[in-house]
Amino acid sequence: MNTNADLLKELRIDRNAVAQDPGPSRRGLWIGIGATVGIVALGAIGWALFAGEKGVPVKTAPVAAMATTANGSASVLDATGYVVARRTATVSAKVTGKVREVLIEEGMRVEAGQVMATLDPIDADSARALAQSQLEASRSQVGSVQAQLKEAEANAARLGQLVGQKLVSRQQYEQAVATRDSLRAQLATAQRNAQVAQDSLRIADNGVDNTIVRAPFAGIIIAKSAQPGEIISPAAAGGGFTRTGIGTIVDMDSLEVEVDVNEAYIGKVQPKMSVEATLNAYPDWKIPAEVIAIIPTADRSKATVKVRIALKQRDGRIVPDMGVRVSFLDNIKPDANAAPRPVGALVPGDAVTQRPVDGKDADVVFVVDAGKAALTPVKLGELRGEQRVVLSGVSPGESVVVAPPDDLKDGAAVVEKTED
């Protein structure tokens, strides 16, 4: 039986035996370590080469052409806005009542005076019937007084002859004259009452007519707001269960464009200035337009001034609240003998930077071509909002680096990222 000391001796390592024969497992370990180091080194070299090919990540933007017209006019300012209707109305009844019939639908065209809806006329018809009865009673009273007056006038005339012959007393004659004059006053009062009854009947007729809702002008229905059986009131006194209108009508001939122009550039806009409008829904359709007026007030929160623009072309495709982009054009006609005027292009303002060129700082942009950034000197024009006019150096359709890094060099490899 082994003691504890014998067991400890069995666990002792013979170092001489290990030193003499490393064994196949130890040699394989060293070979595996060497192979792993080689793979890591090759991976590092490949990553470095791949990173070098990837290049500097940059944002790019396309170079845009300046807007021009057929006669050579160029855009001096661009702005965005919306199509609005100068003549629009939510049509309602003049009185509170229950809707009996609605005769309109969205998209329907109506003419001026066309019936759009009717209200329940029971109350109005009752009021008119009462006014008619009062008028007939007043006219009957007028006829009765007229008959009495005719008799009184004849009696007074007869007594006047007899009093001259001293056949009747003067007292009898004067009493007949007083009766005649009293009946004349009663006739005048009855006639006035009849006129008042006539006026009341006319008002009652208006009350009946107020139960009929008519279109105030010709246009297109863009909203239907009420249904038969609902209560409608111009004052909306009934809360959520009371409608305020039958429908909304828009005069499509009154459509125009409203744009907000930055107050820093409002000096470039003049009344009667030519404009070219482009609807967002139809980007290839250029609509001729003209400045109507510059609203003489500014929005302090946006630092803009509102400008009204008239569209010279009417089309069913133009509807209210459409987004539109407008280009304000100079009205200078080009001289046939003058040198061709520079048109230039538009680039983002932060794409322009300064770099040394021939020992001097110059305005440049980095044009991206085949994955390389080419430093390109440019001749700058005016600033238009967030864009800058470039008179020479770049062409529409090219791509430029937006906000180029300070360490970006000419010919450096870049990775293009389209600006959101």
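Details
- Burial ranking of peptide ranges 206-212, 165-171 (average Cβ count within 10 Å, highest at the top): 206-212, 165-171
- Vicinal HN-Hα couplings computed from phi for region 107-119 (Karplus, 6.51 cos²θ - 1.76 cosθ + 1.60; Hz; Gly/Pro x): x, 7, 9, 10, 9, 4, x, 5, 6, 9, 6, 10, 9
- Amide H contacts of E263 (H built 1.01 Å from N, in plane; Pro and chain starts excluded): T304, V305 sit under 5 Å, all sequence-distant by 5 or more or on other chains.
- Per-residue Karplus couplings for region 222-230, computed as 6.51 cos²θ - 1.76 cosθ + 1.60 with θ equal to phi - 60°, are listed in order as 10, 7, 10, 9, 9, 10, x, x, 7 Hz, Gly and Pro entered as x.
- Members of K59/K306; K94/K312; K94/K224; K98/K224 lying beyond 25 Å, as alpha-carbon distances in this model show: K59/K306; K94/K312
- Relative to the current alpha-carbon distance between S182 and Q227, full extension at 0.36 nm per residue lengthens the span by 10.3 nm.
- Under-5 Å amide H pairs with S225, H placed in peptide plane, nonlocal only: G247, T248
- Rounded to whole numbers, the Karplus 3J(HN,Hα) couplings from phi for region 182-198 are 5, 5, 4, 5, 5, 5, 4, 5, 5, 5, 5, 4, 5, 5, 5, 5, 5 Hz, using 6.51 cos²θ - 1.76 cosθ + 1.60 with θ = phi - 60°, and x at Gly and Pro.
- Simple spin-label estimate for E151 and A129 gives 3.6 nm between the two label positions (7 Å along the Cα-to-Cβ direction from each Cα).
- Footprinting exposure proxy for T248, T60, T189 (fewest neighbouring C-beta atoms within 10 Å first): T189, T248, T60
- Rounded D (µm²/s) - region 122-209, Kirkwood Rh over Cα pairs, Stokes-Einstein at 37 °C, 0.692 mPa s: 219
FYI, it's all coordinate maths here, none of it is from the lab. Since we're looking at a predicted model, the values are computed, not measured. Note that each Cβ is placed from the backbone with ideal geometry, even for glycine, and that neighbours are counted across all protein chains shown.
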